[in-house]
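K.L.:
After the structure tokens below, expect a handful of questions from me.
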Amino acid sequence: MAPNPAAPTIIHLEGTTLEGGGQLLRLALGLSSLTKKPISITNIRGRRFGGGGLRAQHLTCVQWLGQACDARLSGVGLKSKEITFAPDAMKGANNELETGHVRINQSTPGSVNLVLQAILPYLLFSGAQSPIHVRIAGGTNVSNSPSYDYIAQVLVPMLELIGIPQIEAQIHLRSWSQGTSEIGSVTYTITPLKSKLPAFQLLERGEVKSVTATIIAPKDTEQSFREELDVMFERRESRIFGTTSNNEPEIEVTFEDSHNDKRYYLLLVATTTTDIKLGRDWLYNQGVRPGKLEKIVPTVVRKVSDDLLTEIEHGGCVDEHLRDQLVVFQALAEGKSTVFGGKKGDVFVEPSLHAQTAQWVAHEILDVDFDEQGGCEGVGLCPCGEQKGQARARIGETTPK
Ligand SMILES: Nc1ncnc2c1ncn2[C@@H]1O[C@H](COP(=O)(O)OP(=O)(O)OP(=O)(O)O)[C@@H](O)[C@H]1O
């Protein structure tokens, strides 16, 4: 059969590129769903131990976005290493979104917030007219992914700072990758954008004015966590809060019982005078053995505070994880958005491999570029009904890859 000249060229992404994990897939799916550009991905999660392929959380993302934009799918199944995803270019507003209620179920504790990461750009730029309540089942505190607490305390306020309508986060039940597994759930209420996201600038870090510590751990470790944190804050006060401010540093510590002797979690969030939030956390995953228990609390406090200090001392406006999570919004905003990622001496802090991967995916699908200073001229995707076609056409003017 002769090739159809009107058919859009499929953009091919090699799944071993850079970080070579699930984030490459999630971002590609989100951008394909929004722009209707068909994609194929080979060697999915090809840099991951055990051969890669789609795990349950990734499959959930493919299936939900596929159904949302009526995509033609091929190769989709657990452990698939190669898929194509071709959204229906004629499909208008999604009916499920117009009802204002979306439910995404997972039967394993795959990270709720990585599913959110995949679908959030699509929901925000969907053109839907009313807030959407998205209830996602899965894991809320899963290693190597954003915890519910990080999303609520760092991602959500930072998205608001860059001009995205406030997202409400409500946790129903926690679910962990440590200790016995059960399925948790969270509802995020997302208000879709009514017009293009204006370019945003995160350039002025300011001084740290407060730090909150969120501890979730076995009840009998509360005292020890609080003492360890007190000592840490006393020792590291000038490195955290600087030496120039006359104000008393604000420190708030909250404790929640994790109800399981294998779950130790600490999140530290620094808030600056320019309302920047820098967060670092750790869900302890080094094995809980008798005789080693008394080491866990100091180890957790040490690691998380070391990581936070690294973020504070480079002077950037985003922590390492947020930096990769904002790439998609820089790429979709209208005009040049810059996110200062910090400096070591005179040298700009390099984006993490995750951030470089996100930038690469955005380049392949939207033809945007990121400079050394963290700047990117976004495509100005319009979420509003009929103009959406025009925005797509504008994006389509660039050479297809
Ligand atoms: N502690 C953390 N706090 C906030 N965000 C995090 C944290 N750890 C990881 N992330 C974010 O979670 C995402 C993880 O992407 P990654 O590709 O590793 O995901 P994945 O689907 O688990 O893939 P894989 O199983 O292939 O590693 C990135 O956006 C990263 O910044």
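K.L.:
Hey, what did the stretch 92-196 get for relative contact order, percent, Cα under 8 Å, at least 6 apart? Don't skip to the answer; put the middle values down first.
P.N.:
Details: 209 pairs, mean separation 36.2, N = 105.
That works out to 34 percent.
K.L.:
Rounded to the nearest 0.05, what FRET efficiency is calculated for GLU82 and GLN286 with R0 set to 45 Å and r the Cβ-Cβ distance?
P.N.:
According to the calculation, E is roughly 0.80.
K.L.:
In nm, to one decimal, how far is the modelled label at ASP367 from the one at LYS343, with both set 7 Å along Cα→Cβ?
P.N.:
3.4
K.L.:
Just to confirm a number: summing +1 for Lys and Arg and -1 for Asp and Glu over residues other than HIS354 whose beta-carbon lies under 9 angstrom from that of HIS354, what do you get?
P.N.:
Numbers: positive: ARG323; negative: GLU19, GLU320, ASP324.
Value of the local net charge: -2.
K.L.:
Across the stretch 167-172, in residue order, what do the Karplus-derived ³J(HN,Hα) couplings come to in whole Hz, using 6.51 cos²θ - 1.76 cosθ + 1.60 with θ = phi - 60° and x for Gly and Pro?
P.N.:
Computed from phi, the couplings for the stretch 167-172 are 9, 8, 10, 10, 8, 9 Hz.
K.L.:
To the nearest 500 deg cm²/dmol, what mean residue ellipticity at 222 nm is calculated for the chain from DSSP H runs of n ≥ 4 alone, each contributing -39,500 (n - 2.57), summed and divided by the residues?
P.N.:
Numbers: 10 runs with 128 residues, N = 401.
Using -39500 (n - 2.57) per qualifying helix, the result is -10000 deg cm²/dmol.
K.L.:
Further question on the same structure: According to the Cα gyration tensor, what semi-axes, each the square root of 5 times an eigenvalue, does the equivalent ellipsoid of the stretch 206-313 have, listed from largest to smallest in whole Å?
P.N.:
Values: eigenvalues 139, 30, 30 Å².
They are 26, 12, 12 Å, listed from largest to smallest.
K.L.:
Got the relative contact order for the stretch 1-88 handy, in percent, Cα pairs under 8 Å and 6 or more residues apart?
P.N.:
On the way: 166 pairs, mean separation 26.3, N = 88.
Reported relative contact order: 30 percent.
K.L.:
Express in whole angstrom the spacing between the alpha-carbon centres of the stretch 72-137 and the stretch 273-293.
P.N.:
30
K.L.:
Tell me, what is the per residue accessible area of the stretch 206-313 in Å², probe radius 1.4 Å?
P.N.:
On the way: 5640 Å² over 108 residues.
Roughly 52 Å² per residue, with all protein chains present.
K.L.:
Same structure, new question: What length, rounded to one decimal in nm, is gained on full extension from THR189 through to GLU160, with 0.36 nm per residue of separation minus their alpha-carbon distance? Working shown, then result.
P.N.:
Values: separation 29, 0.36 × 29 = 10.44 nm, distance 1.34 nm.
That pair, THR189 and GLU160, stretches by 9.1 nm at full extension.
K.L.:
Which value, in Å² rounded to 10, gives the accessible area of SER145 with a 1.4 Å probe and all protein chains present?
P.N.:
The accessible area comes out at roughly 20 Å².
K.L.:
Given a Förster radius of 30 Å and the C-beta distance between GLU294 and SER245 as r, what FRET efficiency does 1/(1 + (r/R0)^6) yield to the nearest 0.05? Numbers along the way, then the final one.
P.N.:
On the way: r = 35 Å, r/R0 = 1.18.
E(calc), rounded to 0.05, equals 0.25.
K.L.:
Quickly work out the HIS133-to-ALA56 label distance, labels modelled 7 Å from Cα along the C-beta direction, and quote it in nm with one decimal.
P.N.:
Simple spin-label model gives 2.5 nm for this pair.
K.L.:
Share of the chain's accessible area from carbon and sulfur, percent, 1.4 Å?
P.N.:
For the chain, the apolar C and S fraction of the accessible surface comes to 48 percent.
K.L.:
Using only the Cα atoms of the chain, build the gyration tensor, take square roots of its eigenvalues as a ≥ b ≥ c, and label the shape rounded, prolate or oblate: rounded if a/c is under 1.5, else prolate if a/b is larger than b/c, else oblate. Walk me through the intermediate numbers first.
P.N.:
Working: a/c = 1.90, a/b = 1.49, b/c = 1.28.
Judged from the Cα gyration tensor, the chain comes out prolate (a/c at least 1.5, a/b above b/c).
K.L.:
Spin-label point model (7 Å from Cα, Cβ direction): what's the GLU252 to ARG72 distance in nm?
P.N.:
Reported label-point gap for GLU252 and ARG72 is 5.3 nm.
K.L.:
Then there's this: Give me the distance between the Cα centres of the stretch 312-372 and the stretch 151-221, rounded to whole Å.
P.N.:
Rounded to whole Å, the Cα centres lie 19 Å apart.
K.L.:
Count the DSSP beta bridges whose two residues both fall in the stretch 92-196, then state the antiparallel fraction as a percent rounded to the nearest 5.
P.N.:
On the way: 12 of 18 bridges.
Within the stretch 92-196, antiparallel bridges account for around 65 percent of the total.
K.L.:
Could I ask something else about it? How much accessible area does HIS363 have with a 1.4 Å probe, in Å² rounded to the nearest 10?
P.N.:
50
K.L.:
In the chain, what percentage of the DSSP-assigned beta bridges are antiparallel, given to the nearest 5?
P.N.:
So the antiparallel bridges in the chain amount to around 65 percent.
K.L.:
Could you grab the relative contact order for the chain? Cα pairs under 8 Å, six or more apart, rounded to a whole percent. Working shown, then result.
P.N.:
Working: 864 pairs, mean separation 60.7, N = 401.
About 15 percent, as a whole number.
K.L.:
Need the list of lysines near LYS295 for cross-linking: C-alpha distance under 18 angstrom, and skip anything on the same chain fewer than eight residues off.
P.N.:
The qualifying lysines are LYS219, LYS262, LYS303.
K.L.:
Another one. Dipole of the stretch 1-88 (Lys/Arg Cβ +1, Asp/Glu Cβ -1, origin at the Cα centre): which of GLN63, GLY15, GLY52 lies farthest to the positive side?
P.N.:
Positive-most Cα among the choices belongs to GLY52.
K.L.:
Mind checking the full-extension length gain between ASP220 and LYS303? Use 0.36 nm per residue of separation minus the Cα-Cα distance, one decimal, nm. Can you show the working numbers first?
P.N.:
Working: separation 83, 0.36 × 83 = 29.88 nm, distance 2.08 nm.
Gain in length upon complete extension: 27.8 nm.
K.L.:
OK, next. Subtracting the Cα-Cα distance from 0.36 nm times the residue separation, let me have the gained length for GLN201 to ASN95 in nm, one decimal. Write down the numbers at each step before the final one.
P.N.:
On the way: separation 106, 0.36 × 106 = 38.16 nm, distance 3.44 nm.
In short, 34.7 nm is gained.
K.L.:
Per residue of the stretch 177-186, in order, report the coupling 6.51 cos²θ - 1.76 cosθ + 1.60 (Karplus, θ = phi - 60°) as ³J(HN,Hα) in whole Hz, putting x for Gly and Pro.
P.N.:
Couplings: 8, 10, x, 4, 9, 9, 9, x, 7, 9 Hz.
The values are calculated or read from the model by the stated rules, or taken from the named source; none is laboratory data. Predicted model only: the values in this text are computed from it and were never measured. Cβ atoms come from the backbone with ideal geometry, glycine included; neighbour counts cover every protein chain shown. When the accessible area is computed, the model is the full protein with side chains, heavy atoms only, and any ligands, DNA or RNA have been set aside. Shrake-Rupley method; radii C 1.70, N 1.55, O 1.52, S 1.80 Å.
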